[in-house]
Amino acid sequence: MTVLGFVSTWDRAPDWKAALTALEPGLDFRIDPELGDARQIEAALVWKPRPGALATMPNLKVIVSLGAGVDSLRREEMPADVPVVRMIDPQLTRGMVEYVLYAVLRQHRYFPFFEDKQRASAWDQGGPVPDTARTTVGVMGIGVIGGAIARALREVGFAVRGWSRTPHAVEGIEGFHGADGLAPFLAECRHAVCVLPLTPATRGLIDARFLSLLPKGAHLINIGRGGHADEAAILAALDSGRLGHATLDVFHQEPLPAEHRFWRHPGVTLTPHVASLTLARTGAPHVIAAVRAVREGRRPDGLVDWARGY
Ligand code: GLV
């Protein structure tokens, strides 16, 4: 029987309990801070865990993150030698794909413009006819999620390119990598999508220089982490017209403070960190598989490499 501790500030424990016990009826599911005898806990399911909670579990065999990103887990609080696994959930991936398709198509097909015209009862066909095959969308981060986003955009008919830390081949997608690949990658992006993990190497990547490398009037979509972007640089680029639009789901401070200029800027579409959320029903098989893999001495899917940072 598996004893699993749910240690999370994201209150979805009942959903996870139902989904996990449907797959493993004998599972003993305990919710922090009512962990009972924490020495019995073998697996922890975490999202921004309460500081010190994991240290009370000396027999922990695996930690599974409820999110795809593990930047909110402080490495120094992860018990040494306990593998950490990030979430891989088909619905989490699908949600990200949906979000990016919607954000790109909304701008590509001038919906904000037509919504304005409708309010004025104005019949106005607007700007140039959209030429999808000649519109480049760049995806930064070509892992499980970014790869799925890139393939979906290609399927719609966009010219898709990807940028990653190390070379990553995805069929039909032009690949760029490393610091040297960034400027040539950005030079053609009408839409630039950030779905990178937040690591010391990617923190602050979207700065004034980055924005100056995009074509004038480009559209930035950030669904990675707030820490990827210099928010003042985004506002300055929007104000000057260098950036045409920003679709932002993640921020330095969440919830985004009410006085932040992003809320009211006409060039910003913002959502409250909901681009995609893990669904217990579809994420539960990954949790069970990770526990089994570790128990059987196999490498779990989504194993975090702390040297890489994700
Ligand atoms: C959400 O932000 C995640 O990391 O899955």
Original post:
Say we look at the stretch 82-113 and pick out the residues that are away from the ligand (no atom under 16 Å from the Cβ) and in a loop (DSSP other than H, G, I, E, B); which of these is surrounded by the fewest Cβ atoms within 10 Å (Cβ to Cβ)?
Top reply: Arg109
**OP:** Keeping to the stretch 246-288, report how many residues are within 16 Å of the ligand (Cβ to nearest atom), over 16 Å from the mean Cα position of the chain (by Cα) and β-branched (Val, Ile, Thr).
**Re:** 2
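Matching residues to (1) outside any loop (DSSP other than H, G, I, E, B); (2) within 18 Å of Thr282 (Cβ to Cβ):
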{"site": "Trp10", "(1), (2)": "no, yes"}
{"site": "Lys17", "(1), (2)": "yes, yes"}
{"site": "Thr21", "(1), (2)": "yes, yes"}
{"site": "Arg39", "(1), (2)": "yes, no"}
{"site": "Pro49", "(1), (2)": "no, no"}
Subject >> Residue list for the stretch 54-81, restricted to those being in contact with a strand residue (DSSP E or B) (Cβ under 7 Å, 6 or more places away or on another chain), away from the ligand (no atom under 13 Å from the Cβ) and within 21 Å of Leu20 (Cα to Cα) >> reply: Leu54, Met57, Leu60, Lys61, Val62, Ile63
Subject >> Count of the stretch 214-231 residues which are away from the ligand (no atom under 16 Å from the Cβ), among the small types (Gly, Ala, Ser) and closer than 16 Å to Phe185 by Cβ >> reply: 1
**OP:** Tell me the helices (runs of 4 or more DSSP H) entirely within the stretch 157-245 that contain at least 1 residues that are in contact (Cβ under 8 Å) with a residue 40 or more places away in the chain and more than 19 Å from the chain's Cα centre (by Cα).
**Re:** 178-186
Subject >> Top-ranked residue in the stretch 250-292 [being more than 21 Å from Leu303 (Cα to Cα) and aliphatic (A, V, I, L, M); ranked as surrounded by the most Cβ atoms within 10 Å (Cβ to Cβ)] >> reply: Ala275
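Residue-wise test of (1) of a type in the set (A, V, I, L, M, F, W, C); (2) in contact with a helix residue (DSSP H, G or I) (Cβ under 8 Å, 6 or more places away or on another chain).
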site	(1), (2)
Leu213	yes, yes
Ala232	yes, no
Gly244	no, yes
Val250	yes, yes
Pro255	no, no
His265	no, yes
Original post:
With (1) surrounded by 13 or more Cβ atoms within 10 Å (Cβ to Cβ); (2) away from the ligand (no atom under 16 Å from the Cβ); (3) polar (S, T, N, Q) as the list, and Ser240 as the residue in question, which single condition is left unmet?
Top reply: (1)
Subject >> Condition broken by Ala80, with the remaining ones in (1) out of contact with any helix residue (DSSP H, G or I) (no Cβ under 7 Å at 6 or more places or on another chain); (2) in contact (Cβ under 8 Å) with a residue 60 or more places away in the chain satisfied >> reply: (2)
Original post:
Under the condition of being surrounded by 11 or more Cβ atoms within 10 Å (Cβ to Cβ) and among the charged types (D, E, K, R), which residue from the stretch 23-37 is farthest from His286 (Cα to Cα)?
Top reply: Asp32
Original post:
Which one of these is assigned by TED's automatic domain parsing to the domain that holds Leu186 and either free of Cβ contacts under 8 Å to residues at least 24 places away in the same chain or in a strand (DSSP E or B) (or both): Glu254, Glu259?
Top reply: Glu259
**OP:** Can you give me the number of residues within the stretch 74-130 that are under 15 Å from the mean Cα position of the chain (by Cα) and farther than 20 Å from Ser8 by Cβ?
**Re:** 10
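The values are calculated or read from the model by the stated rules, or taken from the named source; none is laboratory data. These numbers were taken from a predicted model, which means no experiment stands behind them. For neighbour counting, all protein chains shown are included, and Cβ atoms are generated from backbone atoms with ideal geometry for every residue, glycine included.
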